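The values are calculated or read from the model by the stated rules, or taken from the named source; none is laboratory data. Just so you know, these numbers come straight off a predicted model, no measurement behind them. Cβ placement follows ideal geometry from the backbone for every residue including glycine, while neighbour counts extend to all protein chains displayed.
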Amino acid sequence: MTTVTRSRWTAALVALLLAGCTENERARSFGGSADVRLPPGQKLVTATWKENAALWLLTRPARPGEEPEVLTFQESSSYGLVEGTVRIHERAAKE
């Protein structure tokens, strides 16, 4: 197999693997960033990543007068090589 053919197969395999991942899985597993939009009228309480790269969010209903915020959930790895960031966007309740 030539180097060019091997490179094409490698690129195709990487593209296939990344296509099967959700945005948060890519952010956690390979670094980078992802954006999550909460349902309108919900406030973020906490967020955590589980072993299988699933992102879990604990939310609550917004109280009167609370404004939506954008919160950043960031991974800090031991060696700083692969660090993911998820921005969680709260949205105003629909009227």
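Restricting to region 30-45, and then to whatever is in a loop (DSSP other than H, G, I, E, B), out of contact with any His (no Cβ under 8 Å at 6 or more places or on another chain) and modelled with pLDDT of 90 or more, can you tell me which residue is nearest to Pro64 (Cα to Cα)? Please lay out each step first, then the result.
Applying the first criterion (in a loop (DSSP other than H, G, I, E, B)) to region 30-45 yields 31, 38-41.
Checking the rest, the ones that are also out of contact with any His (no Cβ under 8 Å at 6 or more places or on another chain) come to 31, 39-41.
Imposing the further condition that a residue be modelled with pLDDT of 90 or more reduces the set to 39-41.
Details: Pro39: 16, Pro40: 13, Gly41: 10 Å.
In this case the residue turns out to be Gly41.
Residues are listed down the side, and each one gets a yes or a no for (1) basic (Lys, Arg); (2) surrounded by 13 or more Cβ atoms within 10 Å (Cβ to Cβ); (3) at pLDDT below 85:
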site	(1), (2), (3)
Ala11	no, no, yes
Arg26	yes, yes, yes
Lys50	yes, no, yes
Leu58	no, no, no
Pro64	no, no, no
Glu67	no, no, no
Ser77	no, no, yes
Gly80	no, no, yes
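Which residue pairs have Cβ atoms closer than 8 Å, lie 6 or more positions apart in sequence or on different chains, and pair a first residue in region 45-68 that is within 11 Å of Val86 (Cβ to Cβ) with a second residue that is part of a strand (DSSP E or B) and β-branched (Val, Ile, Thr)?
Here the result reads Ala47/Val86; Ala47/Ile88; Leu55/Val36; Leu55/Thr48; Leu55/Val86; Leu57/Val36; Leu57/Thr46; Leu57/Ile88, each pair linking region 45-68 to a residue that is part of a strand (DSSP E or B) and β-branched (Val, Ile, Thr).
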